[in-house]
Amino acid sequence: MPRLGLPAAVLLGGVLGAGCRETRDAGASAAARAGASAGASASASASATAGAGAGAGAGAGASASASASASASVSGPREIGPYEVPFVGKRNVFFVVPASRDKPQRLLAMLHGLCNPPAYACGLWAQAASERGFLVCPAGDGSCGPAAYDAPTWTEPFDKMAADLDLAVATVEALYPGEIRRDGGILAGFSRGAYAAPQVVERSPGRVGYLLLVEADVQLSATRLRAAGVRAVALLAGELGTQHRGEARTAAALTAGGLPARFWPMRGAGHWYSEDIDALMREATGWLLSHEAERGER
């Protein structure tokens, strides 16, 4: 299972915004075009190694699982990735593994936004994620087409997004048996994915312990989230965008309602990540998990 080399082009070009057109600068279009080509090559290589095909979540298991098992027997830190294998049809799951081989490790899952690939939504904070556990990011069910460099998007309802997320996690679990713990997991989302994440949690109580929502002024209820087993909520938004004021108010309202919540502004960013996103995600996930420590849990 080869490691995905993610050039800057993939990461810069990946963000196309809520309207599938927003880019950070004029160079992003060319970067995205180059990145899409590089990403396709890496994906094809990973898919071939994993034995991709229709219903490939199971089909990927044979060679990639053997590779993972062999890797697990090696001592010392391992490459964190990112990696990519098929999980259903032609769709891939992007994932990052912890350098530590201690078992089990926490699950972090993320739902990307519209026309906003996992290579961007998850790739830019891969290092911070690897310090917390396994990061799993399924590609959406739709495509934004050639004009948006075929970036994945979401067209399916929230309950189907939840089912696809489960399938993606199961695919990675099959590659790393016994290494992923779902209890106390973190569910993150960017834009459309952040609107979906609370719905996923509320429809399946006990699913995750923590929410991390980026660029989504979504209405949240402290009462409903607590009932679903959520222990704390982190919210991030670009200071130049339209979501930050609402997110700051939501954090204050949740805290007043008895659910720990905190807002982080992304400096110099609009509907995209700030340059220090890896550091921000490290801080935000650390803050979320500090509430686990307060409960006397692992």
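Over the stretch 128-202, with every protein chain in place, what whole percent of the accessible area is carbon and sulfur at 1.4 Å, could you tell me?
Working: 1210 of 2280 Å².
That share works out to 53 percent.
Within the set of other residues whose C-beta is less than 13 Å from the C-beta of LEU212, count the net charge using Lys and Arg as +1 and Asp and Glu as -1. Intermediate values should be presented prior to the final figure.
On the way: positive: ARG106, ARG132, ARG231, ARG262, ARG282; negative: GLU215, GLU247, GLU283.
It works out to a net charge of +2.
In the context of the full set of protein chains, the stretch 104-238 has a per residue accessible area of 29 Å² (1.4 Å probe).
With r as the distance between the Cβ atoms of SER75 and ALA163 and R0 = 30 Å, compute the FRET efficiency 1/(1 + (r/R0)^6) and round to 0.05.
Details: r = 37 Å, r/R0 = 1.24.
Efficiency, rounded to the nearest 0.05: 0.20.
The values are calculated or read from the model by the stated rules, or taken from the named source; none is laboratory data. Computed from a predicted model, the values in this text were never measured in an experiment. In this analysis, Cβ positions are derived from the backbone assuming ideal geometry, glycine residues included, and neighbour counts consider all displayed protein chains. The protein model used for the area step is the full one, side chains on, heavy atoms only, and it has no ligands, DNA or RNA in it. Shrake-Rupley method; radii C 1.70, N 1.55, O 1.52, S 1.80 Å.
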